[in-house]
Amino acid sequence: MSLLEIEGLRVQFRTATGVSRAVDGLSLSVDAGQVLAIVGESGCGKSVTAMAILGLLPEGISRADGTIRFEGRDLLALTDREMQKIRGKAVSMVFQEPMTSLNPVLTVGRQIGETLRLHEGLGRRATEARALEMLRLVGIPEPERRLKQYPHELSGGMRQRVMIAMALACNPRLLIADEPTTALDVTVQAQILDLMRDLIGRTGTGMVLITHDFGVVAEMAQRVVVMYAGRKVEEAPVRDLFAAPRHPYTRALLDSMPRLTEGGEAPEELTEIPGVVPALTEPVRACTFEPRCPRASDQCRTLYPPFRECGDDHMVACWNPEPQPDAAVAEPRRQGEMKA
Amino acid sequence: MSQTPPVLDVRDLSKTFAIRRSFFGRGGGAVHAVDGISFAIAEGETLGLVGESGCGKSTAGRAILRLTEPTAGEVWLDGERIDGLGAGEMRLKRRDIQVVFQDPYSSLNPRLRARDIVAEPLRNFASAIPGGIEERVADLFDRVGLRPDQMDRFPHEFSGGQRQRLVIARALALKPRVIICDEAVSALDVSVQAQVINLLARLQRETGVAFLFISHDLAVVEHVSHRVAVMYLGRIVEIADKAALYGQPRHPYTQALLSAAPVPDPDGRRDRTILKGEVPSPINRPSGCHFRTRCPSAAAECAKVSPVLRDVGGNHHVACHLVEG
């Protein structure tokens, strides 16, 4: 049994222009000690998936169906009270902007302590000792002084360390990290990524890492799920995905990203993905990427492709996936289907 | 002086913000946001300006544009000094020096239609436009890849990438000599970012416009720039041709910055120099070399003397005591 198993997750929002299918039939699983990255551009449903796992979808305007099984229990079927006992303890989270996730009127010590008192029932002394230990663990200098400080007195990197300290205080078995380093400078990002990798490696925590940054994916993840317009379009072990992306969208995303060349040759032009992401309020029949796809064929315009195996442990939702690297020579590119 | 002057020439530009003393007499002093930076950009050239938050790169851009008044230094545009110009004269100069900011939505008047947004600078400045304003607006729409039927739309009806195209169309309207791009593609998704980056490159080829490209994204800067300057705590610590700066970075900060950037290749992890700590406060900068508190190879000398930016060969300038050459 996997640590986290999501099956057929659908999240819909009521909006002014109709029902938006933010997540449309997503399935995935995460094992203990594994880092699964969910990548995609704005609006692909990656953050909504995180919110659904944590039971933090806004009430009244959203609806979630399907199952999200954590250690065998369906989180979607739990009451708010039951979910509160899990959230922050067995399943915890780190968000992008620590300043908006931390309470500005509570000291760092109080905030870390709150989690511990609530979930572990620790007394005052024990709470403080544990909070101090956590700050040390995440590499905050002068932890005794920091405990008494407020979030605004800390730098962005320090705040994110506090968030990580809070998230790990109760030894969670699953960590949801939504763009955990996106707001940070590169040198601080490198520190935080190292820290998270180290802590997760030591504790065997499973992790869902949500990001738009393939650099962060390559550094952190073992498995990758690529989402487009609310659906999973590709899933593979991290090496396979980077070496041989099969979905034209994944391929285009990787090609459209400028890369550091260390002074070497760089492409004159970046690969563009023409057009824009479709509205999620439209009913889906054909492939949602088809209007932007260089490999689109008639079939793509009539029916959404099934999510199927296209290689060893590699799955893709595409009628005309990119050729496998070794097959690329044998199977010449079908010129008629390529746009110039 | 046979050579044509650079399009934009910035000399010893500084911007200091005074901090008011608090009621209890604490504080006071000043933030040295930009501390004597110099560079020049030629026609058709892109200079990348990189650094982490708080290094002064955006303030530098704003001081050049005089959206904030520089404290010291000179700014020359096409051989003419513009930092001392009065408001009226400066207003005319703004035709030649335009800006594109990160968030296009806050740069666009939500009540104006797209065609009027692009036409506004033409109505304000250009006395006679061959073919008339309508034709010029249509041409600009075409150049930045917007459709004619989108002219009557309002900013909120565009996607983020399209809005940035609209901002670029407006910036191009008066055929400027230089455009300052301050994190112009940072808020865009990668696929759209690629569209806008390619657009900027094409426009430069077509019009010879120069870019000062301010960004925190090292890979984007490498892609768009001809030369690159790295800033740390208000100073330029290294400036060189792109290939030299990315291929043989000489300043320890540039080296650390490049090695910290995550590489989109699971097998490409390099040996990292992970910098300890964070950027010190610009109010209370370390003495001598500002980088010495985080520098892996700082020596005693670094605390005493500020290193000056000097040529170490091949037009590669570095401000570091430890670099030979």
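The values are calculated or read from the model by the stated rules, or taken from the named source; none is laboratory data. All figures in this text were calculated on a predicted structure; none of them were measured in a lab. Cβ atoms come from the backbone with ideal geometry, glycine included; neighbour counts cover every protein chain shown.
Odds and ends about this structure:
- Scanning segment B:181-235 for residues that are in contact (Cβ under 8 Å) with a residue 40 or more places away in the chain, assigned to a loop (DSSP other than H, G, I, E, B) and of a type in the set (A, V, I, L, M) yields B:A184, B:A187, B:V209, B:L233.
- Residue match in segment A:277-288 (condition: surrounded by fewer than 10 Cβ atoms within 10 Å (Cβ to Cβ) and at pLDDT 85 or above): yes
- Boolean, A:P58 is under 20 Å from A:Q160 (Cβ atoms) and at pLDDT below 95: no
- Look at (1) touching a Lys or Arg at 6+ places or on another chain (Cβ under 6 Å); (2) away from chain B (no Cβ under 12 Å) and you find that A:I273 fails only one, number (2).
Listed here are the residues, each with its yes/no results for (1) within 22 Å of A:T182 (Cα to Cα); (2) facing chain A (nearest Cβ under 9 Å).
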{"residue": "B:S186", "(1), (2)": "yes, no"}
{"residue": "B:R205", "(1), (2)": "no, no"}
{"residue": "B:I214", "(1), (2)": "yes, no"}
{"residue": "B:A260", "(1), (2)": "yes, yes"}
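- The single condition among (1) away from every other protein chain (no Cβ under 14 Å); (2) closer than 16 Å to A:A229 by Cα; (3) part of a loop (DSSP other than H, G, I, E, B) that A:E41 does not satisfy is (1).
- Qualifying positions in segment A:59-82 - surrounded by 14 or more Cβ atoms within 10 Å (Cβ to Cβ) and under 22 Å from A:A22 (Cα atoms): A:S62, A:A64, A:G66, A:T67, A:I68, A:R69, A:F70, A:L75, A:L76, A:L78
- When every residue of segment B:301-321 is checked against the conditions, at least one turns out to be out of contact with any Leu (no Cβ under 9 Å at 6 or more places or on another chain), within 14 Å of chain A (Cβ to nearest Cβ) and within 22 Å of B:L47 (Cα to Cα).
- Residue in segment B:116-128 that is away from chain A (no Cβ under 14 Å), β-branched (V, I, T), in contact with a strand residue (DSSP E or B) (Cβ under 7 Å, 6 or more places away or on another chain) and crowded, with 17+ Cβ neighbours inside 10 Å present: no
- B:V237 in contact with a Gly (Cβ under 8 Å, 6 or more places away or on another chain), of a type in the set (V, I, T) and buried (at least 22 other Cβ atoms within 10 Å of the Cβ): no
- Looking at A:R14, A:R10, just one residue is basic (K, R) and either in a loop (DSSP other than H, G, I, E, B) or under 17 Å from the mean Cα position of the chain (by Cα) (or both), and that residue is A:R10.
- Single condition A:M163 does not satisfy, out of (1) at pLDDT 90 or above; (2) farther than 15 Å from A:T100 by Cβ; (3) crowded, with 22+ Cβ neighbours inside 10 Å: (2)
- Breaking point among (1) polar (S, T, N, Q); (2) more than 12 Å from chain A (Cβ to nearest Cβ); (3) more than 20 Å from the chain's Cα centre (by Cα), for B:Q255: (2)
- Selection count where residues are surrounded by fewer than 21 Cβ atoms within 10 Å (Cβ to Cβ) and among the hydroxyl-bearing types (S, T, Y), scope segment B:242-299: 6
- Leading residue by the ranking (nearest to A:L3 (Cα to Cα)) among those in segment A:204-217 that are at pLDDT below 95 and small (G, A, S): A:G204
- Hey, A:R136 among the charged types (D, E, K, R), more than 14 Å from chain B (Cβ to nearest Cβ) and closer than 22 Å to A:T203 by Cα or not: yes
- Residue match in segment B:113-120 (condition: at pLDDT 95 or above, farther than 29 Å from B:K242 by Cβ and not in a helix (DSSP H, G or I)): yes
- The residues in segment A:109-154 that are touching a Pro at 6+ places or on another chain (Cβ under 7 Å) and under 19 Å from A:I192 (Cβ atoms) can be counted, and the count is 3.
- Of note, A:A64 does not satisfy the criterion of being in a strand (DSSP E or B) and within 14 Å of chain B (Cβ to nearest Cβ).
- Sole exception among (1) part of a loop (DSSP other than H, G, I, E, B); (2) at positive phi for A:A32, by number: (2)
- If the condition is being part of a helix (DSSP H, G or I) and in contact with a Leu (Cβ under 8 Å, 6 or more places away or on another chain), then segment B:67-112 contributes B:K93, B:P104.
- Condition broken by A:G43, with the remaining ones in (1) modelled with pLDDT under 90; (2) surrounded by 22 or more Cβ atoms within 10 Å (Cβ to Cβ) satisfied: (2)
- When B:D142, B:D149, B:D189 are checked against the criterion of being at pLDDT below 95 and touching an Asp or Glu at 6+ places or on another chain (Cβ under 9 Å), B:D189 stands alone in meeting it.
- Listed by position, the helices (runs of 4 or more DSSP H) enclosed by segment A:171-265 that each have at least 3 residues that are within 11 Å of another protein chain (Cβ to nearest Cβ) and polar (S, T, N, Q) are A:186-203.
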